[in-house]
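Derivation of every value follows stated rules applied to the coordinates shown; laboratory data play no part. Bear in mind the structure is a predicted one, so any value in this text is a computation, not a measurement. Cβ coordinates were reconstructed from backbone atoms using ideal geometry, including for glycine residues, and neighbour counts include every protein chain displayed.
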There are 2 protein chains.
Amino acid sequence: MNQLITDRERDAVYKTIYSRRDIRQEFKAAPIPDDVLARILDAAHHAPSVGYMQPWDFIVIKDDEIKKAIKSEFEKANKEAAAKISGKRKEKYESLKLEGITESPINICVTCDRNRTGNFVIGKTHIPDMDIYSTVCAIHTIWLAARSENIGVGWVSIIDNDKIQDILKIPKDIIPIAYLCVGYVTQFSDKPDLEKAGWLSRTPIQSVIHENHWNKN
Amino acid sequence: MNQLITDRERDAVYKTIYSRRDIRQEFKAAPIPDDVLARILDAAHHAPSVGYMQPWDFIVIKDDEIKKAIKSEFEKANKEAAAKISGKRKEKYESLKLEGITESPINICVTCDRNRTGNFVIGKTHIPDMDIYSTVCAIHTIWLAARSENIGVGWVSIIDNDKIQDILKIPKDIIPIAYLCVGYVTQFSDKPDLEKAGWLSRTPIQSVIHENHWNKN
């Protein structure tokens, strides 16, 4: 492979990063061809990992009964979440669609095996959670690879991980990190849903950049 | 922006993902132009974040004295790490170059502000670490955006985060997630350093993919 990334290739990467969205309401039922899914998962398997640990597993869910069981757990958790706020804020929260579990043709649960490759992992001696961070790199690689295939991804985090563990028969020493909904979409919105809904706006970039050390109040 | 990613653009994204490396020994001293760094950080600021929290900050370090202080903390931690193993394994470990702190023109510390946007964050009610996962998505966006600019990144995790916090004057309620070395490189290797060194090999992709639920022993 030619090592040099051209300006045109770079622009394609930025286009993918900027047009990626967290998809909840725009999923189409159209199936994802096996070769396309294989490309996305193989890319994720080439994410960086601490000490080359590759601690991830990918559970690809197409079964409707399993999706319904997960959706039911989302609904319980979503009620618990809504109960934490009140008034107009609660009304707004309840008006938001926050998952696409049953509409998306594929769900993917990404897990982390904290014991993979043994006790001593290069780079994990002083920051033990590096294996989890590696797994998140694989998750974000799925997100971007999928976007480059014009496929949308939504990360469902309003759910109890213990319930995911039970439903998907995940061993106790393996931990679920993300539950993703994956599918083709009617559109990728210009802006994130929560910005469009007026929930929060994008922070000015200048406010999050510091020189040499922390220098804001 | 045209929403459709073409096949050629998709291929550019995969080329970037597959040719990304964790760089430790190939850094060149050449400075990174301000506009290039700005593009990389702006891309990172467009990473997904739970409840649109954008919990990250980016500390851009060019000061040699600060880099030397960080390098000294790496060296202490690296000795502690080596002491955990013995024999040929220890010899191999000690032969590996695991950081490029002073050779790379820019270091970037990425932090997570766990209280940003207040007590109630959509999607963080049941998985409290989602803000940390969002920060890791920003870190991996830096990695891929940098690669698309033909710039290398190395994540230094053999270090005590409390020391990073002190040296960079990071407030106690903000946590460092990654310390990155960033710069142009002499080359991007065909394979990860740890694979080339015979430390570990890539897991077969089939071994990490499951159908509908966990189905391996």
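Using only alpha-carbon positions, what ratio does the radius of gyration of chain A give when scaled by 2.2 N^0.38 Å?
Working: Rg = 18.9 Å, N = 217, 2.2 N^0.38 = 17.0 Å.
My calculation over the Cα atoms of chain A gives 1.11.
Obtain the nm distance between the two label points defined at B:Ala30 and A:Ala30 by a simple spin-label model: each point lies 7 Å from its Cα along the Cα-to-C-beta direction.
4.1
Go through A:Tyr14, A:Ile159, B:Tyr52 and say which Cα lies farthest out towards the positive end of the charge dipole of the protein assembly as shown; charges sit on Cβ, +1 for Lys and Arg, -1 for Asp and Glu.
The residue sitting farthest along the positive end of the dipole is A:Ile159.
Compute the convex hull volume of the Cα atoms of the protein assembly as shown, divide it by the residue count, and report the result per residue in Å³ as a whole number.
Numbers: hull volume 59.7 nm³, N = 434.
Spread over its residues, the Cα hull of the protein assembly as shown gives 138 Å³ apiece.
Where a Cα-Cα gap under 17 Å defines reach, which lysines qualify for A:Lys163, not counting those fewer than 8 residues away within the same chain?
Within the straight-line cut-off, A:Lys163 pairs with A:Lys67, A:Lys68, A:Lys71, A:Lys76, A:Lys79, A:Lys172, B:Lys124.
Between B:Arg8 and A:Lys97, how many nm apart are label points set 7 Å from Cα along the C-beta direction?
3.5
If you average 1/r across every pair of different Cα atoms in the range A:99-169 and take the reciprocal, what Kirkwood value do you get, in Å? Could the numbers behind the result be given before it?
Details: mean 1/r = 0.0696 Å⁻¹.
With all distinct Cα pairs of the range A:99-169 included, I get 14.4 Å.
So, in Å, what gap is there between the alpha-carbon centers of the range A:20-92 and the range A:141-191?
Comparing the Cα centres of the range A:20-92 and the range A:141-191, I get a distance of 2 Å.
Under a crude label model (7 Å from the Cα following the beta-carbon direction), how far is A:Arg89 from A:Asn212 in nanometres?
4.0
For B:Glu80 and B:Ser189 in one chain, what is 0.36 nm times their gap in residues minus the Cα-Cα distance, to one decimal in nm?
Numbers: separation 109, 0.36 × 109 = 39.24 nm, distance 2.84 nm.
So the extension gain works out to 36.4 nm.
Tell me the trypsin sites (Lys or Arg not before Pro) within the range B:122-188 that lie in a loop according to DSSP and have at most 16 other beta-carbon atoms within 10 Å. The partial results should precede the final answer.
On the way: sites: B:Lys124, B:Arg147, B:Lys163, B:Lys169, B:Lys172; in loops: B:Lys124, B:Lys169, B:Lys172.
Here the sparse-neighbourhood loop sites are B:Lys169, B:Lys172.
Over all distinct alpha-carbon pairs, what is the Kirkwood Rh of the range B:1-109 in angstrom? Walk me through the numbers before you get to the answer.
Values: mean 1/r = 0.0569 Å⁻¹.
It works out to 17.6 Å.
Quick one: putting +1 on the C-beta of Lys and Arg, -1 on the C-beta of Asp and Glu, what dipole do you get for chain A around its Cα centre, in Debye to the nearest 20?
Numbers: 31 positive and 31 negative charges, 141 e Å.
My answer is approximately 680 debye.
In debye to the nearest 20, how big a dipole does the protein assembly as shown give about its Cα centre with +1 on each Lys and Arg Cβ and -1 on each Asp and Glu Cβ? Could the numbers behind the result be given before it?
Working: 62 positive and 62 negative charges, 56 e Å.
I would put it at about 260 debye.
For label points placed 7 Å from Cα toward Cβ, what is the shortest-first list of nm distances from B:Lys172 to its copies?
Those separations, rounded to one decimal, come out as 3.6 nm.
Based solely on its DSSP helices, what 222 nm [θ] is calculated for the protein assembly as shown when runs of n ≥ 4 H residues each add -39,500 (n - 2.57) and the sum is averaged over all residues, nearest 500 deg cm²/dmol?
Details: 14 runs with 164 residues, N = 434.
So the helix-based figure for the protein assembly as shown works out to -11500 deg cm²/dmol.
For B:Lys79, go 7 angstrom from Cα along the Cα-to-Cβ vector, then report the distances to that same point in the other copies in nm, smallest first.
When each copy's label point is compared with this one, the spacings are 5.9 nm.
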